[in-house]
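What follows is one structure encoded as structure tokens, with my remarks underneath.
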Amino acid sequence: MNHTQQTGTCLRCHRPLTSPRSIANGYGPTCARRIRAAAVDTTDYKPHQIASAHELIADGAIIPLRSVAFITVSTDGTETYRTAPTACTCPAGLKAGRCYHQLAARMLLAA
């Protein structure tokens, strides 16, 4: 019998993932717990931006590029942006100076 085990890599800490649930989530249990518990100041964000940031993380649509930079995916999945906790190349980030991509980056770095 051939036993093959599917693996993945945690999007936050880059450690190997072997659990089917962790692979599907993109994060190991410790990183997932830290992301959920991250204390990030969200007072400057609207409720829909906070929900979108959580969804971006849960969908694995934010990919670490460097220590504080990420590639993020647009809501409809058609575009990608360069994102940091203080800047983003998405239209909202360029216009308003803050977006849910930045919030997701802050959440991941705070975890």
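Of note:
- So Thr83, is it out of contact with any helix residue (DSSP H, G or I) (no Cβ under 7 Å at 6 or more places or on another chain) and either polar (S, T, N, Q) or outside the structural domain of Gly28 (by TED's automatic domain parsing) (or both): no
- Restricting the stretch 94-111 to residues that are assigned to a loop (DSSP other than H, G, I, E, B) and at pLDDT below 90 leaves a set whose member that is surrounded by the most Cβ atoms within 10 Å (Cβ to Cβ) is Ala111.
- Count - residues of the stretch 55-86 that are part of a loop (DSSP other than H, G, I, E, B) and within 18 Å of Arg34 (Cβ to Cβ): 5
For every residue, the table says whether it meets (1) within 10 Å of His101 (Cβ to Cβ); (2) touching a strand residue (DSSP E or B) at 6+ places or on another chain (Cβ under 8 Å); (3) without any contact (Cβ under 8 Å) to a residue 40 or more places away in the chain.
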residue: Gln49; (1), (2), (3): yes, no, no
residue: Ile57; (1), (2), (3): no, no, no
residue: Ala61; (1), (2), (3): yes, yes, yes
residue: Val68; (1), (2), (3): no, yes, no
residue: Thr72; (1), (2), (3): yes, yes, yes
residue: Thr78; (1), (2), (3): no, no, yes
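- Residues of the stretch 10-50 that turn out to be β-branched (Val, Ile, Thr), modelled with pLDDT of 85 or more and not assigned by TED's automatic domain parsing to the domain that holds Val68, as a count: 2
- Test: residue in the stretch 81-93 that is free of Cβ contacts under 8 Å to residues at least 40 places away in the same chain, touching a strand residue (DSSP E or B) at 6+ places or on another chain (Cβ under 9 Å), surrounded by fewer than 18 Cβ atoms within 10 Å (Cβ to Cβ) and among the basic types (Lys, Arg): yes
The values are calculated or read from the model by the stated rules, or taken from the named source; none is laboratory data. Since the model is a prediction, treat every value here as computed from it, not as a measurement. When we count neighbours, we look across all protein chains shown, and the Cβ atoms used for this are built from the backbone with ideal geometry, even at glycine.
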